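The values are calculated or read from the model by the stated rules, or taken from the named source; none is laboratory data. Predicted, not measured: the structure shown is a model, and the values here were computed from it. Because the Cβ atoms are built from the backbone with ideal geometry, glycine has one as well, and the counts that use them run over all protein chains shown. Note: accessible area is taken over every heavy atom of the protein model, side chains too, but ligands, DNA and RNA are not part of it. Shrake-Rupley method; radii C 1.70, N 1.55, O 1.52, S 1.80 Å.
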Amino acid sequence: MDRILGIDTGTNSLGWAVIDKSEEITTLVAKGTNIFTEGVKIEKGIESSRAAERTEHRSVRKQYWRRKIRKIRLLSILSENHLCPPLDKESLRQWRLKKVYPVNESFMEWQRTEDKLNINPYRYRYICLTQKLDLTDLTQRYILGRALYHLNQRRGFLSNRKENTKESEGAVKDGISTLSKNMKDNGCDYLGEYYFKLYQEGKKIRNHYTARKEHYLKEFKAICRK
């Protein structure tokens, strides 16, 4: 007697049966059907890949993680060089591993923004671009550190064809060109200078497409030279 497994595969199901077969008789031993969830998500009649959705969520998580690590590494350097209030390595470690943000009073005060007192990172970036700071003065060292930390938080667009389609990249580059033209029209050479001008005029600063090399790296080098 032979035991035979028969399988019928479909797009989202699999049917199977097991039979015992001899010369005289065929006996059904077992049978069943497995139905699989669809590999696509359908919303409003539009199909989209579930794998693509998971990949997108994973990409966002990676971006948040990398941004946090950049901040932690820079804060470690700033603290060691007295460019921000002291932060011990354990505090930064707790933030990295356990998401416990450093909340000591001097560090929180260093990050504070107060419009009435003209305390904001855009002003500090403008100061660093236009004034030669006295780095023997701790207050002015903190201004420089705050400007650098603000630059670190927003790095701008850098082309990566693995992650960007030609269409989306084109829209970003158009936005960057428009921003650069607006800077030039306003007599500004650097992004921080232009943003501080908008800030003073009460205009919107967020939601501009920016370029890493053309805007942020250029400003960083200018601050270093000054």
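Filter the stretch 174-226 down to the residues that are small (Gly, Ala, Ser), crowded, with 16+ Cβ neighbours inside 10 Å and either touching a helix residue (DSSP H, G or I) at 6+ places or on another chain (Cβ under 9 Å) or farther than 19 Å from Leu158 by Cα (or both) and list them by number. Reasoning before the result, please.
Filtering the stretch 174-226 down to residues small (Gly, Ala, Ser) leaves 175, 177, 180, 187, 192, 202, 211, 222.
Filter once more, keeping what is crowded, with 16+ Cβ neighbours inside 10 Å: 175, 180, 192, 211, 222.
Answer for the stretch 174-226, where residues must be small (Gly, Ala, Ser), crowded, with 16+ Cβ neighbours inside 10 Å and either touching a helix residue (DSSP H, G or I) at 6+ places or on another chain (Cβ under 9 Å) or farther than 19 Å from Leu158 by Cα (or both): Ser180, Gly192, Ala211, Ala222.
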Practice problem: Tell me which residues, restricted to the stretch 22-49, are of a type outside the set (A, V, I, L, M, F, W, C) and open to solvent by 100 Å² or more (accessible area, probe 1.4 Å). | Solution: Glu23, Glu24, Lys31, Thr37, Glu43, Lys44, Glu47
Exercise. Identify the residue in the stretch 1-21 that is surrounded by 10 or more Cβ atoms within 10 Å (Cβ to Cβ) and assigned to a loop (DSSP other than H, G, I, E, B) and, among all such residues, is modelled with the highest pLDDT.
Key: Gly10
Exercise. Could you please give the count of residues in the stretch 50-72 that are open to solvent by 50 Å² or more (accessible area, probe 1.4 Å) and touching a helix residue (DSSP H, G or I) at 6+ places or on another chain (Cβ under 9 Å)?
Key: 2
Practice problem: Please find, among Leu83, Leu28, Leu92, Leu87, the residue that is assigned to a helix (DSSP H, G or I) and among the hydrophobic types (A, V, I, L, M, F, W, C). | Solution: Leu92
Exercise. Examine the stretch 143-151 for a residue that is open to solvent by less than 60 Å² (accessible area, probe 1.4 Å), at pLDDT 95 or above and of a type in the set (Lys, Arg), and state whether such a residue exists.
Key: yes
Quiz item: Within the stretch 81-96, can one find any residue that is touching a strand residue (DSSP E or B) at 6+ places or on another chain (Cβ under 7 Å), under 30 Å from Phe157 (Cβ atoms) and not small (Gly, Ala, Ser)?
Solution: no
Exercise. Filter the stretch 73-129 for residues that are free of Cβ contacts under 8 Å to residues at least 60 places away in the same chain, under 30 Å from Cys188 (Cβ atoms) and in contact with a Ser or Thr (Cβ under 9 Å, 6 or more places away or on another chain) and give the result.
Key: Ile119, Pro121
